[in-house]
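Only one structure is covered here, and it is reproduced in the block below.
The values are calculated or read from the model by the stated rules, or taken from the named source; none is laboratory data. From a predicted model like this one, the values you see are computed outputs, not experimental measurements. As a convention, Cβ positions derive from the backbone with ideal geometry for all residues, glycine included, and neighbour counts pool all protein chains shown.
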């Protein structure tokens, strides 16, 4: 899978896409309190960003699947990490 294409697709997504992906993950039984941590959710977002079916992502070999889902996770929280670190040092 093309990680650059994944990132480009993710950048085009909106909050509506995020909410729709969460709804889909929840309908498939996802119960994790913070949806960003869900591999199922990350897989759904990746599929939407790459204009693929979820099964296309799930059928990747385990290393590619992990790379895709971690890339989605890093994309989602990447900009928050410095802010979280700054807020932690203020306490």
Here is a list of conditions, (1) at pLDDT 95 or above; (2) more than 13 Å from residue 1 (Cβ to Cβ), and residue 87 meets all of them except one; can you say which number that is?
(1)
If I filter the stretch 12-66 down to residues being in contact (Cβ under 8 Å) with a residue 40 or more places away in the chain and closer than 18 Å to residue 77 by Cα, which single residue comes out as surrounded by the fewest Cβ atoms within 10 Å (Cβ to Cβ)?
36
